Amino acid sequence: MTGRTVAITGVGLTTPVGIGIEENWAAVCDQRSGIGYYPKDDLPHCFQYFGKVKPFELIDPILPALAPQMKFLNRGALLGFSSACEALKRSGADLSVIPRDRRALYIASGDFSNIGCDFLYPATKEGTNGKWQEMSFEKLNQATLTQVNPFFLLQSILNNLFSFLSAFGEFMGPNTSLASLSPCGSEALELAFRAIQQGRADIALAAGYGNWITEVPLYELQGLGLLSKCDAGEQSFRPFDRLRDGFIPGEGGAAIFLEAEESVAQRNRNVLATIKGCGNAVEFSPGRGLTVPERVCSRSMRLALNEAGCDVADLAFISAHGSATQKGDRSELTSIREVLEAEGADVPVCGMKPYTGHMGAASDLAELVLGIYAVRNRLIPATLNFTITEPEFSDIQVLSHHRASEKKLFLSLSYGIAGQSSCLILSVP
């Protein structure tokens, strides 16, 4: 897999803690979360806490021919597009000098749950008078005419942003749209990285987005047993803590722009980071169904370390997935401890999802971006709301406060139920 060195020159973030890199990084420095309380009388208590992006405007001009297509982008896709625009702008790249068939695009847009029914919720609520017991079909029909977006079917397609960005930036090189579990943002980034590394493209854009804060996704996530009961309000999202009981969802978008390092030097641009190693694996649990295996990311961590050619001790920190579920965090900490003990290393661990809420396919890319800025600022981010973990993991340094570090490498983990995991190692100059 050897080839060209691949540099990250542009990044973009649209999350509940801020619009753009500056706002997001300031929130991490201040240890401030974007999770809030949004009371809805007809929803359970735990559904009233989530990470919501504040109103924003797209500042990039849309070509007249594309403007009518904007109505087909759902809320999550708009957040992803906002982040992609920022990443493109920050890169400083002039796409007009790059052949269209040398521009790669990889989008991570969703997971495997059935979350395409949100559009019908308001009309259904009105048809039952908000009591959810008996349906008035006359009221339902009337409400559907006024409260259901006529483009609901098109907005539910997971590759809408992929199609729109392909036309917007004329990305006509290697490309695909991924819709799987949480790690698909990291997987999209690896695909973008490989396309340049192997000489199939000269630039690439990887973007991920997610919107898990509407009613139907909330009910489905609760049905999977993944959501916190929010007994401690906004502070209930506490990865690796012994009192953890699940995550709090959010919405957002994240994007990373890559190019061959030699072209960066020719343009005299600063390199934000270089990708040193990637690892993807699936750990099966025979007979246990859709669950997290005992060591969900051991193999993917080793694969990434092996490709990067570094030791665990070389890492400034490990940016963990940190879903705050009992089983998921236990499996992740077991995996981390196994890799650390194999080399006798002691590397700090942080979980950054409590800053934004779990944003689905946007979270792993967002955490990579925040990890880049952490290393640039010689800082290891704190894990919000963490106090103490279980005794068997007391030897792992899960940080509840920021810490300084001079090291230039960090590892980011992401995994999903059923044992899918993805790891990346980045070097930050």
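The values are calculated or read from the model by the stated rules, or taken from the named source; none is laboratory data. Quantities reported herein were computed from a predicted structural model and do not represent experimental measurements. Cβ: placed from backbone, ideal geometry, glycine included. Neighbour counts: every protein chain shown.
Below is a table of values for the structure above.
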| item | result |
| --- | --- |
| Identity of the residue in segment 400-418, under 14 Å from H321 (Cα atoms) and in a loop (DSSP other than H, G, I, E, B), that ends up farthest from the chain's Cα centre (by Cα) | I417 |
| Residue within segment 284-296 that is under 17 Å from L181 (Cβ atoms) and at pLDDT 95 or above present | no |
| Any hit, segment 179-194, residues being under 30 Å from S394 (Cα atoms), assigned to a strand (DSSP E or B) and either of a type in the set (F, W, Y) or in contact with a Leu (Cβ under 8 Å, 6 or more places away or on another chain) (or both) | no |
| The listed residue being part of a helix (DSSP H, G or I), in contact (Cβ under 8 Å) with a residue 12 or more places away in the chain and not assigned by TED's automatic domain parsing to the domain that holds S109, out of A362, A345 | A362 |
| Tabulated pairs, segment 133-152, first over 26 Å from K71 (Cα atoms), second surrounded by 11 or more Cβ atoms within 10 Å (Cβ to Cβ) and among the hydroxyl-bearing types (S, T, Y), C-beta under 9 angstrom, 6+ apart or interchain | E134/T128; M135/T124; M135/T128; S136/T128; K139/T128 |
| Counted residues, segment 339-381 - those being closer than 28 Å to N270 by Cα, of a type in the set (D, E, K, R) and over 12 Å from the mean Cα position of the chain (by Cα) | 2 |
| Qualifying residue in segment 188-208 (condition: touching a residue at least 60 places away in the same chain (Cβ under 8 Å), in the same structural domain as G51 (by TED's automatic domain parsing) and touching a His at 6+ places or on another chain (Cβ under 7 Å)) | no |
| Tally of residues being small (G, A, S) and part of a strand (DSSP E or B) across segment 8-31 | 3 |
| Yes/no for P44 being surrounded by fewer than 20 Cβ atoms within 10 Å (Cβ to Cβ) and assigned by TED's automatic domain parsing to the domain that holds D202 | yes |
| Residues within segment 271-299 that are within 26 Å of T9 (Cβ to Cβ) and within 21 Å of the chain's Cα centre (by Cα), tallied | 9 |
| Elements of type strands (runs of 3 or more DSSP E) contained in segment 32-137, each with 1 or more residues being in contact with a Cys (Cβ under 6 Å, 6 or more places away or on another chain), within 23 Å of S228 (Cβ to Cβ) and modelled with pLDDT of 85 or more | 49-51 |
| Verdict on T144 being farther than 30 Å from D94 by Cα and of a type in the set (S, T, Y) | yes |
| Residues of segment 34-83 classified as under 23 Å from the mean Cα position of the chain (by Cα), closer than 25 Å to L154 by Cα and not polar (S, T, N, Q), total | 19 |
| Qualifying residues in segment 234-270 (those that are over 19 Å from the mean Cα position of the chain (by Cα) and among the aliphatic types (A, V, I, L, M)) - the one modelled with the highest pLDDT | L243 |
| Residue list for segment 7-29, filter: in contact (Cβ under 8 Å) with a residue 60 or more places away in the chain and aliphatic (A, V, I, L, M) | A7, I8, V11, L13, V17, I19, I21, A27, V28 |
| Failed item, numbered, when C350 is tested on (1) under 16 Å from S414 (Cβ atoms); (2) of a type outside the set (S, T, N, Q); (3) modelled with pLDDT under 95 | (3) |
| From A93, A84, A77, A67, residue being without any contact (Cβ under 8 Å) to a residue 24 or more places away in the chain, in the same structural domain as L218 (by TED's automatic domain parsing) and of a type outside the set (V, I, T) | A67 |
| P55 being outside the structural domain of H401 (by TED's automatic domain parsing), under 28 Å from Q142 (Cα atoms) and free of Cβ contacts under 8 Å to residues at least 12 places away in the same chain | no |
